[in-house]
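Undergrad: Could you have a look at this structure, given as structure tokens, before my questions?
Please treat every number below as a calculation from the coordinates, not as lab data. Quick caveat, the model's predicted, so the values are computed rather than measured. Don't worry about glycine lacking a Cβ; one is built from the backbone with ideal geometry, like all the others, and counts go over all protein chains shown.
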């Protein structure tokens, strides 16, 4: 059982380049989330989705876009990368049923550096 | 809004020492509470949870009790090992229909370093 898989694991970009981070889950979870983790800042929610075809902004959405065309996939896009977006990005997913009592399942992260 | 406050780290202990990591919360509803652990180079994974007052979550020797009267969910372990070195996150998730949402609120994390 793969759980939550993030692709790629590492990436180096130049300022202004674009890229897409892919998250895939095989647990049939309705909820999916994208976070960034920076030293001393904990986890900050970028965008989330409560189901296929729906997305919503989190705490720090600027500079990012997302899409949830299939239930099992949640894509995070950087249209024009900036050095401030250097971070570790985590995807997570969880069940809708009994949502408040359900834990999130996390991927192992994508380490992104913007030069 | 909801918030979670954890003690700042790093917490540095010798092997076999007793561990406490404090966590307090504020919530508009009646939340579920979670502890997650993050080992170096990995994502967060659930360590334990409690969904109602006075519940005790436990796993791998770690315990935490949901204290509604003190709005706390402190993590404890009687005898830590070097392999417990990691970052620990306290989190809450509010129940629906009480002004909360399904979006969890995380503390900033507490780094634990255990020396042999």
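Undergrad: Could you work out the mean count of beta carbons from other protein chains within 10 Å of each residue's beta carbon in A:33-46?
TA: Mean partner-chain Cβ count within 10 Å for A:33-46: 3.
Undergrad: Sticking with this one: In which sequence would A:74, A:10 go, from the one with the fewest C-beta neighbours within 10 Å to the one with the most?
TA: A:10, A:74
Undergrad: Can you give the FRET efficiency for residue A:2 and residue A:96, using 1/(1 + (r/R0)^6), R0 = 22 Å, r = Cβ-Cβ distance, to the nearest 0.05?
TA: 0.60
Undergrad: Determine the equivalent ellipsoid of chain A by diagonalising the alpha-carbon gyration tensor, then write out the semi-axes as square roots of 5 times the eigenvalues, largest first, rounded to whole Å.
TA: 23, 14, 13
Undergrad: Here is a follow-up. Restricting attention to the alpha-carbon atoms of segment A:18-68, what are Rg (one decimal) and Dmax (integer), both in Å?
TA: For segment A:18-68, the Cα-based Rg and Dmax read 11.5, 33 Å.
Undergrad: Rounded to the nearest 0.05, what FRET efficiency is calculated for residue A:15 and residue B:42 with R0 set to 25 Å and r the Cβ-Cβ distance?
TA: 0.30
Undergrad: Under the Kirkwood approximation applied to all pairs of distinct alpha-carbon atoms, what is the hydrodynamic radius of chain B in Å?
TA: 14.2 Å
Undergrad: Using only atoms on other chains, find how many Cβ atoms lie within 10 Å of each Cβ of peptide B:34-43 and report the average.
TA: 4
Undergrad: In whole Å, how far is the Cα centre of segment A:1-59 from that of segment B:6-53?
TA: So the separation of the two Cα centres works out to 22 Å.
Undergrad: Starting from the alpha-carbon convex hull of the protein assembly as shown, give the projected area averaged over all orientations, in nm².
TA: 12.6 nm²
Undergrad: Pop the C-beta distance of residue A:71 and residue B:70 into the FRET formula with R0 = 45 Å and round what comes out to the nearest 0.05.
TA: Computed FRET efficiency for residue A:71 and residue B:70: 0.65.
Undergrad: Listing A:64, B:30, A:35 from the residue with the fewest other Cβ atoms within 10 Å to the one with the most, what is the order?
TA: So the residues, fewest neighbours to most, are B:30, A:64, A:35.
Undergrad: So for A:59, A:30, fewest C-beta neighbours within 10 Å to most, what's the order?
TA: The fewest-first ordering by Cβ neighbours comes to A:59, A:30.
Undergrad: What is the average number of partner chain Cβ atoms found within 10 Å of a Cβ in B:45-51?
TA: The mean count of partner-chain Cβ atoms within 10 Å per residue comes to 3.
Undergrad: Oh, and also: Once you've got the GNM for chain A with C-alpha springs shorter than 10 Å, pick whichever of A:41, A:19, A:32 has the biggest mean-square fluctuation.
TA: Comparing A:41, A:19, A:32 in the GNM, the peak value goes to A:41.
Undergrad: Just to be sure I follow: if Rg is taken over the C-alpha atoms of segment B:20-74 and Rh is the Kirkwood radius over the same atoms, what is Rg/Rh?
TA: 0.99
Undergrad: Using DSSP, restrict attention to beta bridges with both residues in chain A and report what percent are antiparallel, rounded to the nearest 5.
TA: So the antiparallel bridges in chain A amount to around 90 percent.
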